[in-house]
2 protein chains.
Amino acid sequence: MINRLIEKIQKTNAPIVVGLDPMLKYVPEHIKKAAFAEFGETLEGAAEAIWQYNKGIVDAIYDLVPAVKPQIAMYEQFGIPGLVAFKKTVDYCKEKGLVVIGDVKRGDIGSTSEAYAVGHLGKVSVGSNAFYGLNEDFATVNPYLGSDGINPFIKVCKEEKKGIFVLVKTSNPSSGEFQDRLVDGRPLYEIVGEQVASWGAECMGDSYSYVGAVVGATYPEQGKVLRKIMPKTFILVPGYGAQGGKGADLVHFFNEDGLGAIINSSRGIIAAYQQEKYASFGEQGYADASRAAVIDMREDIAQALGK
Amino acid sequence: MINRLIEKIQKTNAPIVVGLDPMLKYVPEHIKKAAFAEFGETLEGAAEAIWQYNKGIVDAIYDLVPAVKPQIAMYEQFGIPGLVAFKKTVDYCKEKGLVVIGDVKRGDIGSTSEAYAVGHLGKVSVGSNAFYGLNEDFATVNPYLGSDGINPFIKVCKEEKKGIFVLVKTSNPSSGEFQDRLVDGRPLYEIVGEQVASWGAECMGDSYSYVGAVVGATYPEQGKVLRKIMPKTFILVPGYGAQGGKGADLVHFFNEDGLGAIINSSRGIIAAYQQEKYASFGEQGYADASRAAVIDMREDIAQALGK
C-alpha cells in the first residue's frame with residue numbers, strides 16, 4: 001500500500017491527504033436540513049448529514065489527491081450511527097480509488113492490539129469465514145506502550161500489504177510535555193523516531209517502509225532532524241493550514257527524491273467555503289470550494305519544494 | 001462517579017473490575033452454535049455470540065463486583081456489528097448497576113479529543129437535541145499527546161461527573177521501551193504520574209480524583225513509587241492473573257485507607273471454565289465458573305491486604 005500511495009502521489013503531483021473530519025458546524029444548512037427531515041435531529045440525522053457532506057467533498061476532489069484521512073473521533077462522537085457513517089465514508093473513498101488513512105490513533109498490547117489491527121486493517125475469522133471490519137488502508141498508531149503495541153499491527157500490515165503511521169512528534173502546542181523530555185540528552189521523540197525506523201526496516205516497500213511516522217508541520221526543525229533519523233520512513237504531516245503550518249515549513253519533511261512526506265489538511269479544505277478567501281462559492285458550492293482549496297494547497301507545496 | 005465507584009467497592013468488599021474482553025475462542029460452543037444458526041458465520045453472528053456470552057457472565061457476577069471494563073478493541077475487530085455488541089454490553093451493565101470503565105485508550109488533540117470525550121462520556125449536540133453516544137462511566141486515555149489531549153476529557157468529566165484513567169505504566173513486557181526512559185534521572189512514567197496528579201487536583205471527588213491512572217500489576221515496585229507520587233489518584237491495575245500479577249504484588253497499589261486501587265482481571269474470570277481449576281463447571285457452566293473465579297480473586301486480594 002505504501003507503493004500505491006507513492007504512485008498516486010506521483011501521478012497527482014500532490015503529496016496531500018484530505019482530512020475528512022466533519023463537524024456539524026461545517027456542514028451546509030441545506031444538507032443538514034435534508035438529513036434532519038429524513039431522520040430527525042437525532043444521531044442518525046447527524047450521521048446522514050456528515051456522510052452526505054463527505055460524499056460531496058470526495059466527489060469534488062478524488063481526482064486531485066492520492067488519499068483521504070477520516071478522523072474516527074469525529075464519527076465516534078455520534079455513537080453507532082456515526083461509526084456507520086465512518087464505514088460508509090471509508091468504503092466510498094476506496095471505490096473512488098483513494099488511499100484511506102484511518103486516523104484512529106489506536107494502541108494497546110498483545111491480543112488487544114492485534115484486535116485493533118485486525119479490525120482496522122485486516123480480516124477477522126468467524127467460524128470458517130473471514131471478514132474485513134472497518135478496512136482502512138493505513139491506520140495511525142500510538143507508541144506509548146512500546147513494541148508489544150506495534151508488532152501486532154506490523155504482522156497484519158505484512159499479511160495485507162497495508163501500513164501504519166506511528167505518532168512521533170504531534171502537531172499540538174503541548175506535544176512537548178512528554179515527547180520533548182530529554183532522555184540521555186536527546187528528546188524522547190528522537191528515541192521514538194529511531195524505534196519507528198527500526199520497526200520499519202523489517203517491512204519495506206520498494207523505496208519506503210510500510211511503517212510511517214506522524215510529525216507535525218508546526219515543528220519544522222524537529223521534522224528536519226527526524227527526516228534524517230528515519231530516512232526510509234514516510235511521514236504523515238498534520239498541522240498545515242488551520243493549525244498554523246505553512247508551505248515553507250514543509251521542505252525538510254521531504255527527502256531529496258521529492259518524496260517521503262504527505263501533508264494533511266482537514267478543515268482548511270473541507271470547510272474552505274467558510275473562509276473569506278472561498279466565501280464566493282457559498283454554502284451550495286462548498287464542495288467546489290474544497291476543490292479550489294486543494295488546488296491552492298498543491299500550488300503552495302509545489303512552490304515551497306521549488307517545483 | 002469516582003465516589004460511586006468507591007461506594008460500590010466498599011459495599012462489595014471487592015476492589016475488582018471484570019474485564020469483558022471477549023474472544024470467540026472463549027465463547028462456549030452452545031452459544032456460538034445458537035448465534036451462527038440465527039445470523040450465520042458472519043460479523044453479526046460473532047457479535048451476537050460475544051453479546052450473549054457477556055450477558056451470561058454479567059448475570060452471574062453483577063452482585064459481587066463494583067465494575068466491569070469492556071475492552072473496545074475486542075468488539076471493534078468485528079466492525080460495526082461488534083461495536084453494536086459493545087454498546088449493548090455497556091447499556092446492559094449499567095442497567096445491572098455496574099460502573100462501566102470503557103477501555104478505549106483514546107487520545108488525540110483539541111477538538112478531536114473533545115469528540116472522543118463526548119462520544120464516550122458525554123453528550124453530543126444535534127440541532128436542539130443532545131445525545132449520549134457510547135455512554136461509559138469512565139474511559140482509559142493515552143497521555144502521549146500531553147495536556148491538549150487530556151483537558152477536553154477533564155472538561156466532559158466535570159460536566160458529567162464521570163472519570164478517566166490515564167495510562168502511566170502499562171502491564172506489558174515492553175512498556176519500559178519508552179515509559180522507563182530516564183528524564184533528568186527519573187523514569188518517564190514518574191513524570192507522567194506527576195502530571196496525572198496535577199490534572200487530577202482540579203477535579204476531586206470526596207476523597208479521590210476523577211482523574212485516575214493505569215499502572216500494571218506486573219510492576220509492583222513501580223506501583224509503590226507511583227502510589228506515593230499520586231496519593232489522591234485512583235489506580236486501575238491490569239495484569240493480575242493471566243498476565244502474571246499476584247495478590248501479594250498488589251499491596252502497595254493501595255493507600256492506608258484500604259482504597260485507591262481497583263484490580264482488573266479479564267480472561268482469568270471470563271474464561272475461567274477453560275482453566276483446570278474450574279474445568280468441572282464445563283462449558284454450560286461457564287458463567288458459574290466466572291462467579292467462582294471472582295470469589296477466589298476477592299479472597300486472594302483480601303488475604304494480600306490482610307483483611
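What is the log10 of I(q)/I(0) for the range A:176-307, computed with the Debye formula using one identical point scatterer on each Cα and no solvent, at q = 0.20 Å⁻¹?
Reported log10 I(q)/I(0), two decimals: -1.09.
Could you run the Karplus curve 6.51 cos²θ - 1.76 cosθ + 1.60 with θ = phi - 60° over the range B:25-38 and give me ³J(HN,Hα) per residue in whole Hz, x for Gly and Pro?
6, 8, 6, x, 4, 5, 6, 4, 4, 5, 5, 5, 4, 7
Give the shape of the range A:141-203 as rounded, prolate or oblate, defined through the alpha-carbon gyration tensor: a ≥ b ≥ c are the square roots of its eigenvalues, a/c under 1.5 means rounded, and otherwise the shape is prolate if a/b is larger than b/c and oblate if not. Could you put the intermediate results ahead of the total?
Details: a/c = 2.66, a/b = 1.96, b/c = 1.36.
Prolate is the answer for the range A:141-203, as a/c is 1.5 or above and a/b outweighs b/c.
Could you tell me the relative contact order of the range A:143-259? Use alpha-carbon pairs under 8 Å, at least six residues apart, and round to a whole percent. Could the numbers behind the result be given before it?
Details: 173 pairs, mean separation 28.8, N = 117.
In percent, rounded to a whole number, it is 25.
Measuring from centroid to centroid over Cα atoms, what is the spacing of the range B:1-15 and the range B:82-96 in Å?
Distance between centres, Cα-based: 21 Å.
Sticking to Cα atoms, compute the Rg of the range A:76-185 to one decimal and its Dmax as the biggest Cα-Cα distance, whole number, in Å.
When restricted to Cα atoms, the range A:76-185 yields Rg and Dmax of 15.6, 53 Å.
Which residues' amide hydrogens lie under 5 Å from the amide hydrogen of residue A:212, considering only partners 5 or more residues apart or on another chain, with H built in the peptide plane?
A:164, A:165, A:166
Can you compute 3J(HN,Hα) from phi for each residue in the range A:75-92, using the Karplus curve 6.51 cos²θ - 1.76 cosθ + 1.60 with θ = phi - 60°, rounded to whole Hz and x for Gly and Pro?
9, 4, 5, 9, x, 4, x, x, 5, 5, 5, 4, 5, 4, 5, 4, 4, 5
Provide the per-residue ³J(HN,Hα) series for the range B:196-208, in order, calculated from phi with Karplus coefficients 6.51, -1.76, 1.60 and θ = phi - 60°, each as a whole number of Hz, with x at glycine and proline positions.
4, 4, 5, 4, x, 4, 8, 9, 8, x, 5, 10, 10
Can you give the FRET efficiency to the nearest 0.05 for residue A:11 and residue B:184, using r as the Cβ-Cβ distance and R₀ = 51 Å?
On the way: r = 49 Å, r/R0 = 0.96.
Here the calculated transfer efficiency is 0.55.
Treating the point 7 Å from Cα along Cα-beta-carbon as the label, what are the nm separations from residue B:202 to the other copies, to one decimal?
Result for residue B:202, in nm, nearest copy first: 4.1.
Across the residues of A:164-172, average count of Cβ atoms on other protein chains within 10 Å? Please list the in-between numbers first.
Details: counts 0, 0, 0, 5, 1, 0, 8, 4, 10.
What the average comes to for A:164-172 is 3.
Average partner chain C-beta neighbours within 10 Å, per residue of B:139-146? If you can, show how the numbers build up before the last one.
Numbers: counts 0, 1, 0, 9, 4, 15, 12, 10.
Taking all residues of B:139-146 together, the mean is 6.
Hey, with R₀ at 22 Å, roughly what FRET efficiency would residue A:4 and residue A:111 work out to, going by the Cβ-Cβ distance, to 0.05?
Values: r = 29 Å, r/R0 = 1.33.
Step by step, r from the Cβ atoms, then E = 0.15.
Provide Rg and Dmax in Å for the range B:1-128, with only Cα atoms included in the calculation.
Rg then Dmax for the range B:1-128, in Å: 16.0, 47.
Rounded to the nearest 5, what % of the DSSP beta bridges within the protein assembly as shown are antiparallel ones?
Working: 15 of 71 bridges.
Just about 20 percent of them are antiparallel.
How far apart are the residue A:277 label points across copies, placing each 7 Å from Cα toward Cβ, in nm, shortest first?
Values, ascending and in nm: 6.3.
For the range B:248-307, compute the orientation-averaged projected area of the C-alpha convex hull (one quarter of its surface), in nm².
On the way: hull surface 17.0 nm².
With every direction weighted equally, the projected area is 4.2 nm².
When DSSP assigns beta bridges and you keep just the ones with both residues in the range A:2-304, what percent turn out antiparallel, to the nearest 5? Before the final figure, lay out the partial values.
Values: 7 of 35 bridges.
The answer is about 20 percent antiparallel.
Assigning unit charges at the beta carbon (Lys, Arg +1; Asp, Glu -1) and nothing else, what dipole magnitude in debye, to the nearest 20, does chain B show about its Cα centre?
Numbers: 32 positive and 37 negative charges, 73 e Å.
It works out to roughly 340 debye.
Taking the Cα atoms of the range B:1-53, what is the range of coordinates along each of the three principal axes, in descending order and whole Å?
In descending order, the Cα extents are 44, 19, 14 Å.
So how long is each side of the protein assembly as shown along the principal axes, counting just the alpha-carbon atoms, biggest first, in Å?
72, 57, 45
Once every Cα of chain B carries one equal point scatterer and solvent is ignored, give the base-10 log of I(q)/I(0) from the Debye formula at q = 0.10, 0.14, 0.16 Å⁻¹, two decimals.
Here log10 of I(q) over I(0) equals -0.53, -1.05, -1.34.
In whole angstrom, note down how far apart the Cα centers of the range B:120-142 and the range B:273-307 are.
One Cα centre to the other: 34 Å.
Using a Cα-Cα cut-off of under 17 Å, which lysines could be cross-linked to residue B:55, ignoring same-chain neighbours fewer than 8 residues away?
Partners within reach: B:25, B:32, B:33, B:69, B:87, B:88, B:94, B:96.
What is the average number of partner chain Cβ atoms found within 10 Å of a Cβ in A:117-125? Numbers along the way, then the final one.
Working: counts 2, 4, 10, 4, 0, 1, 1, 8, 5.
Partner Cβ neighbours, averaged per residue: 4.
Please compute the modelled spin-label separation between residue B:303 and residue A:284, points set 7 Å along Cα→Cβ, answer in nm with one decimal.
The answer from the label model is 7.7 nm.
Readers should treat all values here as calculations from the given coordinates under stated rules, not as data from a laboratory. As the structure is a computational prediction, the values presented were derived from the model and not from experiment. Neighbour counts run over all protein chains shown; Cβ positions are idealised from the backbone, glycine included.
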